[in-house]
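Trainee: Structure in C-alpha cells, see below.
The values are calculated or read from the model by the stated rules, or taken from the named source; none is laboratory data. This structure is a prediction, so every number in the text was calculated from the model and none was measured. Virtual Cβ from ideal backbone geometry, glycine too; neighbours counted across all protein chains shown.
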Amino acid sequence: MRVFCAVLGHETNSFSPIPTNRDSFAETVLLRPDGGQLSHLIPLMGVKTIVDTAKSLGCEVILSTIAFAQPSAPTVKKDYEILRDEILEDLKDFTGTGPVDMVFLVLHGAMMAQGYDDCEGDLLQRARLIVGPDCAVGVLLDLHCNITEAMLDNATIIMACREYPHVDFDERAGELFEQIHAVARHEIKPTTAQYRVPMLSIFHTPRQPMRSFVDRARSFEDDSSKSQTTVLQVTLAHGFPWSDFPGAGASVLVTTDDDPVGATELAEQLGREFFALRDQGTEPTLSIEEALDAAGALLADTPTGTVVMSDGSDNSGGGAASDSTFLIRACLERGLADVAVALLWDPVAVEMAFAAGEGAVLNMRIGGKVGPLSGDPLDLEVKIVKLTEGKRHQLWTAEQLVPLGRTALVETGGVQIVLNDLRQQPMHPSAFLEAGCDPWSKRLVIVKSSQHFYANFEPQAAAIVYCDAPGSMNGNVFERPYRRITRPVWPLDDIEL
Ligand SMILES: [Zn+2]
C-alpha cells in the first residue's frame with residue numbers, strides 16, 4: 001500500500017502576545033522530506049509510530065513536512081500558506097505516481113492563521129480534493145482541539161489523544177493506523193457523529209471524575225456489546241478555549257462501523273455526561289497569595305520534600321510569553337528560600353549572563369518584557385551560577401528529547417531561576433537538571449507549565465499546587481476579551497443541555 005504522512009501543528013492562542021511565522025516552526029521543528037531516510041524523526045505526536053508501522057507492513061511511505069511550533073498568536077498568512085502548500089504539492093506529486101491508499105495528517109486541531117480560522121479544515125478540504133472521496137484519510141489531533149465541520153467532512157477518521165498530560169499519542173497513533181488500514185482494505189466503513197458540548201474549560205485526566213469518564217468513554221471501544229454497535233473510536237475533544245473563533249469549544253466524536261444512528265446516540269450520551277462534570281473536571285486553582293500560603297502549610301507539615309507549583313498562566317505551551325514575574329516577585333517579597341523556577345524565557349538576560357560569565361555577580365533586569373500580562377520586570381542583583389548551551393530536555397518519554405536553548409541559572413536571595421532563550425515549558429525535571437539546578441534539593445519548585453509537567457514531576461513531588469497568577473493563560477474565562485466565540489457557552493453563560 002502507498003501511504004502519505006505529514007505533520008502541521010500549532011495551538012493558536014488568539015490572545016497571545018507572541019507572533020507566529022515560519023521561523024517559529026523552525027525554532028521547534030520544521031523538517032522537509034530528506035530522501036526517505038527519516039533519520040531525525042523524533043517520536044513527536046505519534047508520527048513515528050505511524051511511519052514505523054506502515055514500513056513494517058511493507059508499505060511505500062512518503063513523509064512530507066513535519067512542522068510544529070510552540071503555541072502563540074495566529075500564524076502569518078503567507079507563511080501558513082507556504083507550509084500548507086508544501087504538503088499539498090508533495091501529496092499531488094505522490095498521487096501523480098500511483099494511487100494513494102492512506103493519508104495520515106498529524107495536526108493539532110486548534111490552528112488559526114491570519115485569514116484562516118480553521119487551518120486544519122482548510123488543509124483537509126484541499127487534501128481531499130487531491131486524493132478523491134474514497135481515499136482513507138486519518139487525522140490525529142491533540143485533545144485541545146476545536147473540531148469543525150470542514151474537518152469532519154474531509155477526514156475518514158479523526159482521533160485525538162485521550163490524556164492530559166498527553167502521554168498517549170503513540171498509542172492513539174497505533175489505533176488510528178490500524179483503523180485507517182482496515183478502511184483501505186475495505187474491511188470497515190467508518191461513520192462519525194459529533195456532539196458539540198458548549199463549554200470552555202480545561203480538564204485534567206489523571207484526577208477524578210475525568211479519570212473515570214475517560215475510561216468509560218474508552219470502554220465503548222473495547223466492548224461493543226455496551227452500545228449494540230461496533231464503536232471504532234471515541235474522542236473527547238476538550239477544545240482550546242483561547243482560540244477566539246466560532247468553532248471553539250468541546251465536543252465528543254463517536255465513530256462506528258457503518259451505524260450513523262448508533263454513533264449519534266452515543267455521542268450525545270457521552271456529550272451530556274461530559275457537560276455534567278464541567279465544574280469538577282479541573283483541579284482548583286489558587287491566587288498567588290493563597291498558593292504560597294498553601295505551599296507554606298504543606299512544607300511546614302513535611303520536614304523534607306518538594307512542593308511543585310504550576311504557574312500555568314505563563315505556560316508557553318498554551319501561548320503565554322513565559323517571562324512573567326508575578327509569582328517570582330511574591331516569593332522574593334516573602335523572603336522565601338530554597339525556591340527554583342523554570343523556564344523563564346528572556347533572551348536578552350541570557351545574552352548578558354553569557355557576557356558576564358559563570359560566577360559573576362551583576363545587576364540584571366529579568367522578565368516582564370513582552371507585555372502587561374508578563375508583569376513588571378525584576379531588577380535584581382544576581383549571581384550567574386551556571387551557563388549551558390546545546391543541552392536537551394525531555395518531554396513525556398525518554399525518547400522525546402528537545403533542545404533547551406542556551407540557559408543561564410541565576411540566583412538571588414534564596415531563589416534560583418532558569419533563564420533560557422528558546423520559549424518552551426518544563427515538562428520534565430531535566431529542564432532544571434540540564435541547566436544545573438536539582439529541583440529536588442529545593443523546597444518549592446515553580447514550573448511555567450499548566451499540566452504537562454504533571455506526568456514526570458508528580459511521582460517525586462510532596463504535593464502539587466496550581467496557582468492562577470495573571471497572564472496570557474490565566475484560567476479566568478471572564479477576563480478574556482472574546483469577540484467571536486459562539487454563545488451561549490459555559491461558564492460565560494448559565495446553560496442547561
Ligand atoms: Zn494539548
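Trainee: Based on this model, can you work out whether residue 123 counts as farther than 22 Å from residue 217 by Cα and either within 16 Å of the ligand (Cβ to nearest atom) or not in a loop (DSSP other than H, G, I, E, B) (or both)?
Mentor: So residue 123 passes the test.
Trainee: Consider residue 474 against the criteria (1) modelled with pLDDT under 95; (2) farther than 28 Å from residue 168 by Cα: it satisfies all of them except one. Which criterion is unmet?
Mentor: (2)
Trainee: Scan the range 150-170 and report the pairs whose first residue is over 23 Å from residue 186 (Cα atoms) and whose second residue is more than 16 Å from the ligand (Cβ to nearest atom) and in a loop (DSSP other than H, G, I, E, B), with Cβ atoms within less than 6 Å and a gap of 6+ or a chain change.
Mentor: 150/118
Trainee: Residue 264 passes all but one of (1) among the β-branched types (Val, Ile, Thr); (2) crowded, with 21+ Cβ neighbours inside 10 Å; (3) in a helix (DSSP H, G or I); which number fails?
Mentor: Result: residue 264 fails condition (2) only.
Trainee: Is the range 319-329 home to any residue that is over 26 Å from residue 479 (Cα atoms) and in contact with a Lys or Arg (Cβ under 6 Å, 6 or more places away or on another chain)? Steps first, answer last, please.
Mentor: At the first step, the residues of the range 319-329 found to be over 26 Å from residue 479 (Cα atoms) are none.
Scanning the range 319-329, I find no residue that is over 26 Å from residue 479 (Cα atoms) and in contact with a Lys or Arg (Cβ under 6 Å, 6 or more places away or on another chain), so the answer is no.
Trainee: Okay, next question. Against the definition (in contact with a Gly (Cβ under 6 Å, 6 or more places away or on another chain) and either more than 20 Å from residue 144 (Cα to Cα) or at pLDDT 90 or above (or both)), how does residue 72 come out, yes or no? Talk me through it step by step, then tell me what you get.
Mentor: Details: in contact with a Gly (Cβ under 6 Å, 6 or more places away or on another chain): yes; either more than 20 Å from residue 144 (Cα to Cα) or at pLDDT 90 or above (or both): yes.
In short, yes.
Trainee: Within the range 171-179, identify whether any single residue is assigned to a helix (DSSP H, G or I), without any contact (Cβ under 8 Å) to a residue 12 or more places away in the chain, polar (S, T, N, Q) and farther than 30 Å from residue 449 by Cα, and answer yes or no.
Mentor: no
Trainee: Here's something else I'd like to know. Would you point out which residue out of 98, 109 is more than 16 Å from the ligand (Cβ to nearest atom), at pLDDT 95 or above and in a loop (DSSP other than H, G, I, E, B)?
Mentor: When all the criteria are applied, what remains is 98.
Trainee: Show the residue pairs that are 6+ apart or on different chains and have beta-carbon atoms under 9 Å apart, the first residue being within the range 114-135 and under 25 Å from residue 11 (Cα atoms), the second being of a type in the set (Gly, Ala, Ser) and assigned to a helix (DSSP H, G or I).
Mentor: Listed by first residue and then by second, the contacts come to 118/150; 120/150; 121/150; 122/150; 124/150; 125/150.
Trainee: Among the residues of the range 310-357 satisfying the criterion of being within 27 Å of the chain's Cα centre (by Cα) and over 27 Å from residue 69 (Cβ atoms), which is surrounded by the most Cβ atoms within 10 Å (Cβ to Cβ)?
Mentor: 340
Trainee: Checking the condition within 16 Å of the ligand (Cβ to nearest atom) and among the acidic types (Asp, Glu), which residue from 178, 171, 149, 187 passes?
Mentor: The conditions single out 171.
Trainee: List the pairs whose first member sits in the range 352-369 and is within 19 Å of residue 437 (Cβ to Cβ) and at pLDDT 95 or above, whose second member is among the polar types (S, T, N, Q) and surrounded by 15 or more Cβ atoms within 10 Å (Cβ to Cβ), and whose Cβ atoms are under 8 Å apart, counting only residues at least 6 apart or on separate chains?
Mentor: Matching pairs, first to second residue: 366/325; 367/324; 367/325; 367/374.
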